[in-house]
Amino acid sequence: MNIIHLGKFYPPEYGGIETVTFDLVEGLNRQGVNADVLCSNKGKQTKIDTPNTRYTVIRAGTLAVVNSTSISLKLITELQKCIHQYDAVHIHLPNPMANLAIWLIRPKCKIYLHWHSDIVKQKHMLKLYSPWLKWLINRADGIVATSLQYANSSKWLANNMGKVSIIPIGVADKSQQASPELVNKIRLEHKDKKIILSIGRSAIYKGISYLIEACKYTRDDVVVLIGGPGVESFQPLIHKLGLEYKVKLLGAIADQQLASYYAACDIFCLPSIYRSEAYGIVQVEAMSFAKPIISCDISGSGVSWVNEHEKSGLLVPPSNPQALADAINRLSQDNGLRNKMAIYARKRFEQELTAEKMVSKTIKMYKESIFSIAKISLESFNLEQGIIKNEPTPIIRAIPEKEQAN
């Protein structure tokens, strides 16, 4: 089966959706599914990469980025040139440009939608865009939702659950990639303190300001390290509150150093406050390092499905600095509880949240879709030829459960 994944960007451009797309495409190719990528380039030129010669990444030139949407006419022309080579296109949403490309080209192949998030912030744009999104949902042969909680709370998915497959996001296990030297250096810099790590962009929905405010109420033996692009903008708030001794801004952490920061911390905190945080992939990354999680119980989000309250960590009300502080103080003081949650977090990761699990479930969805379509086509042929419908046939067989998982 030949599949092209259609996304906004692709590593080395990093973000939550980009990470998922990368892990999925890499995993599919390792499992024998031919998966290529078409995405936007940050520049105006179109570039073609062949990572490890296993697959092709087409980066279509982009004119501009407006409201987080790439304006790339070249993406449409590149898709039109290559779509005949593929049995299916797997679109990572939200992505209005990809939606437009599919609407204009009208490919005959199967279409799968990977629903990472509803469009929450750009409400005015959504009013204009919604007819095209509805059309795409109706056209889709299958939809991937990352959690049942998010699917049920989405007005777009709740009415189309017959097409939805729940496939939780899994991440690659990088727990062995930490540098012992860097881990030791980080811990020595914050000697005799419990290290709370938080990773996220400076977007409002990430709730970083509430985490900083929470440090007014945390114990003095706690230090909070905040990493991510643009987080330097919070330095004036830290200075205003006089919290320089409790909060350290790391800026964007190099990918090769990130594992060491996860390994060095005692607790991971995701303070996101809005449903724009549909899942919280960084939680899964931290769990792979056996770290207990503190996150917010966001209504309709998958964040609280990933982090099970009182098991893998603690959930607190959103936008509540005191509640965040109470959770930090509780976990930082109770070594036994922290260790218990750390063990559970790692076990949950191994059982449900690995990249391998995500890939195998995606392949199963592909296979079931092919089988379903083939079965319908055969039944139509049998009816046209006057063949008895329930007569056994050797042409189509069900895929055994064990085989579907491989």
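Any read-out appearing in this document is the output of simple, stated calculations on the displayed coordinates, not a laboratory observation. Quick caveat: nothing in here was measured; it's all calculated off a predicted structure. Reconstructed Cβ throughout: ideal geometry from the backbone, glycine too, with neighbour counts over all protein chains shown.
Note: the chain, Cα convex hull, 155 Å³ per residue.
The equivalent ellipsoid of the range 249-315 has semi-axes of 21, 14, 9 Å, largest first, where each one is the square root of 5 times an eigenvalue of the Cα gyration tensor. Mean projection of the Cα convex hull over all viewing directions, computed for the range 2-166: 9.1 nm².
Proximity of backbone amide H atoms, modeled 1.01 Å from N, is registered between residue 6 and 38, 90, 91, 92 at under 5 Å, excluding neighbours fewer than 5 places apart on the same chain.
Counting every C-alpha pair in the range 105-205, the share spaced more than 16 angstrom apart comes to 72%. A straight Cα-to-Cα reach below 20 Å connects residue 347 with the lysines 174, 291, 311, 357, 361, residues fewer than 8 places away in its own chain not being considered. Starting from the Kirkwood Rh over alpha-carbon pairs, what translational D in µm² s⁻¹ does the range 180-352 have by Stokes-Einstein at 10 °C and 1.306 mPa s? Stokes-Einstein gives a translational diffusion coefficient of 101 µm²/s.
Averaging Cα coordinates gives a centre for the range 1-35 and one for the range 90-107; these two points are 16 Å apart. Cα-based radius of gyration for the range 1-54, normalised by 2.2 N^0.38 Å, reads 1.10.
Counting only Cβ charges, +1 for Lys and Arg and -1 for Asp and Glu, the dipole size of the chain around its Cα centre is about 640 debye. Each peptide in 219-230, 269-280 receives the mean, over its residues, of other Cβ atoms within 10 Å, and ordering these scores from highest gives 269-280, 219-230.
Each 10 Å bin from zero holds the following percent of Cα-Cα pairs in the range 115-266: 9, 27, 25, 22, 13, 2. For residue 81, the lysines whose Cα comes closer than 27 Å to its Cα, not counting residues fewer than 8 places off in the same chain, are 8, 42, 44, 47, 108, 110, 134, 367.
Note on the range 160-207: percent of Cα-Cα distances in each 10 Å bin, starting at 0 and stopping at the bin with the largest distance, equals 16, 26, 33, 15, 8, 2. Close amide H contacts of residue 250 (hydrogens built in the peptide plane, cut-off under 5 Å, sequence separation of 5 or more or a different chain): 226, 227, 228.
Order these peptides, 191-200, 158-167, by their mean beta-carbon neighbour count within 10 angstrom, highest first.
191-200, 158-167
May I ask for the angle, rounded to the nearest 10°, between helix 73-82 and the longest principal axis of the chain, with both axes built from Cα atoms and the value confined to 0 to 90°? Helix 73-82 and the main axis of the chain meet at about 50 degrees.
In the chain, a dipole from Cβ-located charges (positive for Lys and Arg, negative for Asp and Glu) runs towards its positive end, and of 327, 92, 76 it is 76 whose Cα lies farthest in that direction.
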